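*Asks:* First, the structure itself, so that you have it in front of you.
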Amino acid sequence: MRACRNTRQHDNSKGSSRLAVLLALSVVLLQGCSQVQSSLDPASRSAALIANLWWGMLIVGTAILVAVLLALFIALRRGRGPVERPLSARGSFLLVLAGGVATPMVVILAMIVVGVSMGREIGDRPDSGPIVEVIGRLWWWELRYLDENGDLIATTANEMHVPVGQPVRLRLISENVIHSFWVPQLQGKTDLIPGQVNESWIEAERAGVYRGQCSEYCGQQHALMSFLVVADPPEEFEQWLSRQAEPANDPQSSQEERGQQVFLEQGCVGCHAVRGLSAAGEIGPDLTHLASRRTLAAATIPNTKGHLGGWITDPQHVKPGNQMPSTVMEPGDLQALLAFLGSLE
Ligand code: HEC
Ligand SMILES: [Cu+2]
């Protein structure tokens, strides 16, 4: 008896700890809905449509699952003993027809109608607003802002600014492999396919910083090919864009001047452009306004002096396989280079 009671108590505590684990897990999962880069925390009309579709499918799917389990349960219970009021052959046939043919058809048709009309609204691209060419590189994003005539205004990388409440047209281009542009809080995915220009658009409804991610496997650093979309009030966006269009600041101190010299002599110029300097490399990101960006190396590390120094001395440690080689230089040169790069606002 005592042994028996003991086991039961033991089982009880096991049950409640399992419940605690389940509760903790659901809290963690639900938290995922409000965190950065969540498609369930939409900040645009398109993303809200996608989130609603997701919730709708979850609710319908759950209802169907419960109904099927209930039917299974009833069938199992009836199968145990002699059936009291068996269904006629016609009755069973109608039941199978209703549950197995009619219901799935209605549900699937409804989903197709909702999905297609939603897809139309999302695919209905605006015909005005800023144009940004998004170029998928290995493994970072080049961003080229164009005016209405298609002329280049400014080039930047990994941090797209957009005006709140205004549509921005995107032209998605790749010269290497297939990438996919995805900002879950703003819009669905669109692939970047070599040899063609795909179009998409985004319109942020509230100011904020939205994280995006390449979502088509594109090689070793695919997972660290992220970016930020910063939605600013329109006036701030205009200021940002005209700043990005300007050439780089001139060095203001002898330290920055020495840093500029180091930059020119260390081979950085072979891969990086700094407008206003004789630096027009095209393999890496444009660094003209590097200091204005929040992150480095496709949203992999924050843009601080320490991280920047670590990146320049050993980029392969931060992002193994990426296309920037390590540069060995004297500490004094590195400090000067960091001062110069820090002045590129
Ligand atoms: C062989 C080409 C090459 C050389 C040389 C090179 N880089 Fe890079 N650099 C790259 C590439 C490619 C990236 C993008 C890496 C990524 O995010 O995958 C990059 C990224 C960077 C970034 C981050 C930019 C951003 O916005 O994310 C900085 C800063 C940078 N390089 C500075 C330098 C400096 C300073 C030197 C010279 C000491 C240098 N690079 C030399 C190719 C190069
Ligand atoms: Cu990619």
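The values are calculated or read from the model by the stated rules, or taken from the named source; none is laboratory data. Just so you know, these numbers come straight off a predicted model, no measurement behind them. Cβ coordinates were reconstructed from backbone atoms using ideal geometry, including for glycine residues, and neighbour counts include every protein chain displayed. Each accessible area value is taken on the protein alone, full model and side chains, heavy atoms only, with ligands, DNA and RNA left out. Shrake-Rupley method; radii C 1.70, N 1.55, O 1.52, S 1.80 Å.
*Asks:* Among the residues of region 326-336, is there at least one that is open to solvent by less than 40 Å² (accessible area, probe 1.4 Å) and hydroxyl-bearing (Ser, Thr, Tyr)?
*Replies:* Yes, some residue in region 326-336 is open to solvent by less than 40 Å² (accessible area, probe 1.4 Å) and hydroxyl-bearing (Ser, Thr, Tyr).
*Asks:* When you go through Phe237, Phe227 one by one, which is the residue that is open to solvent by less than 50 Å² (accessible area, probe 1.4 Å), of a type in the set (Phe, Trp, Tyr), within 16 Å of ligand 1 (Cβ to nearest atom) and touching a residue at least 24 places away in the same chain (Cβ under 8 Å)?
*Replies:* Phe227
*Asks:* Right, here's the next one. Of everything in region 111-167 that's within 16 Å of ligand 1 (Cβ to nearest atom) and at pLDDT below 95, which residue is farthest from Glu236 (Cα to Cα)?
*Replies:* Per the stated criteria, the residue is Leu138.
*Asks:* Can you confirm whether region 192-207 contains a residue that is outside the structural domain of Gly284 (by TED's automatic domain parsing), more than 14 Å from ligand 1 (Cβ to nearest atom) and of a type in the set (Ser, Thr, Tyr)?
*Replies:* yes
*Asks:* Return the only residue of Ala339, Ala298, Ala291 being open to solvent by less than 60 Å² (accessible area, probe 1.4 Å), in contact with a Ser or Thr (Cβ under 6 Å, 6 or more places away or on another chain) and either modelled with pLDDT of 95 or more or over 21 Å from Thr156 (Cβ atoms) (or both).
*Replies:* Ala298
*Asks:* Might you check whether a residue that is more than 16 Å from ligand 1 (Cβ to nearest atom), surrounded by 14 or more Cβ atoms within 10 Å (Cβ to Cβ) and at pLDDT below 95 occurs anywhere in region 78-87?
*Replies:* Yes, the conditions are met somewhere in region 78-87.
*Asks:* Could you tell me which numbered condition Gly212 fails, if it satisfies all but one of (1) within 18 Å of the chain's Cα centre (by Cα); (2) within 16 Å of ligand 1 (Cβ to nearest atom); (3) at pLDDT below 95; (4) of a type outside the set (Val, Ile, Thr)?
*Replies:* The number of the failed condition is (3).
*Asks:* Which numbered condition trips up Gln220, out of (1) within 15 Å of ligand 1 (Cβ to nearest atom); (2) part of a loop (DSSP other than H, G, I, E, B); (3) modelled with pLDDT of 95 or more?
*Replies:* Unmet for Gln220, out of (1) within 15 Å of ligand 1 (Cβ to nearest atom); (2) part of a loop (DSSP other than H, G, I, E, B); (3) modelled with pLDDT of 95 or more: (3).
*Asks:* Which of the following residues is within 16 Å of ligand 2 (Cβ to nearest atom) and either closer than 22 Å to Pro302 by Cα or not aromatic (Phe, Trp, Tyr) (or both): Leu224, Leu241, Leu264? Quick ask: steps written out before the conclusion?
*Replies:* Numbers: Leu241 fails: within 16 Å of ligand 2 (Cβ to nearest atom); Leu264 fails: within 16 Å of ligand 2 (Cβ to nearest atom).
Result of the check over Leu224, Leu241, Leu264: Leu224.
*Asks:* Another question about this same structure. What strands (runs of 3 or more DSSP E) completely inside region 73-187 contain at least 3 residues that are free of Cβ contacts under 8 Å to residues at least 12 places away in the same chain?
*Replies:* Result: empty, no element qualifies.
*Asks:* Tell me, which residue of region 279-314 that is in a helix (DSSP H, G or I) and within 7 Å of ligand 1 (Cβ to nearest atom) is nearest to Leu264 (Cα to Cα)?
*Replies:* Among those residues, the one meeting the criterion is Ile312.
*Asks:* Further, regarding this structure: Check Ala299, Ala291, Ala279 and return the single one that is closer than 17 Å to Glu142 by Cα, under 18 Å from the mean Cα position of the chain (by Cα) and among the small types (Gly, Ala, Ser). Before you say what the answer is, go through the steps one by one.
*Replies:* Details: Ala291 fails: under 18 Å from the mean Cα position of the chain (by Cα); Ala279 fails: under 18 Å from the mean Cα position of the chain (by Cα).
Unique residue meeting the criteria: Ala299.
*Asks:* Could you grab me the full set of residues in region 195-218 that are more than 20 Å from Thr295 (Cβ to Cβ) and in contact (Cβ under 8 Å) with a residue 24 or more places away in the chain?
*Replies:* Val197, Asn198, Glu199, Ser200, Trp201, Glu203, Glu205, Arg206, Glu216
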